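Each value in this text was obtained by applying a stated rule to the coordinates, not by laboratory testing. None of these values were measured; they are calculated from a predicted model. Heads up, the Cβs are rebuilt from the backbone with ideal geometry, glycines too, and the neighbour counts pull from every protein chain shown.
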Amino acid sequence: MKATVLDTVTGKRIVKDGIRSFEWACNNWSCDCNRQLLFGIDEGDGICIGGKRFLVVSAEMNDSEDDDYTLEELNSEYPVELLIAHGIVPLKGRT
């Protein structure tokens with residue numbers, strides 16, 4: 001999968017290709033622990049820092065063996081308010 005990741009604090013975007021969609025949605029790349037490394041940040045000292053800052057804002061499934069996920073699924077560890085603020089999920093129908 002080719003993913004564009006947004007640092008919601010600085011506005012910087014990084015494109016990363018070659019990591020399977022499952023990793024972004026459910027595994028090692030599903031929270032800030034690894035996503036932060038794309039931006040040269042390494043916080044957490046081996047403790048999961050959760051999903052607070054780095055969102056997948058674009059995803060291109062470019063491998064036929066990759067699973068298809070929505071942007072909401074690729075960012076399921078992140079607060080819905082952050083997803084709404086960055087257009088990942090619509091405000092309509094949310095409480």
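Computed quantities for the displayed model
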read-out: Extension gain (nm, one decimal) between I84 and V9, 0.36 nm per residue minus Cα-Cα; value: 25.5 nm
read-out: Within segment 1-16: backbone nitrogen closer than 20 Å to the D63 label point (7 Å, Cα to C-beta); value: 1-6, 14-16
read-out: Lys, Arg +1 and Asp, Glu -1 on Cβ, resulting dipole of segment 2-85 about Cα centre, debye, nearest 20; value: 380
read-out: At 1.567 mPa s and 4 °C, Stokes diffusion of the chain via Kirkwood alpha-carbon radius, µm² per second; value: 96
read-out: Between segment 5-22 and segment 44-78, the alpha-carbon center distance in angstrom; value: 8
read-out: Table column - 3J(HN,Hα) (Hz), segment 55-62, Karplus curve with 6.51, -1.76, 1.60, x for Gly and Pro; value: 9, 7, 9, 8, 9, 10, 7, 10
read-out: Under 18 Å from K52, Cα to Cα: aspartates and glutamates that are on another chain or at least 8 residues apart; value: D7, E23, D32, D42, E43, E72, E73, E77, E81
read-out: Sum of -39500 (n - 2.57) over DSSP H runs of 4+, divided by residues of the chain (222 nm, nearest 500); value: -4000 deg cm²/dmol
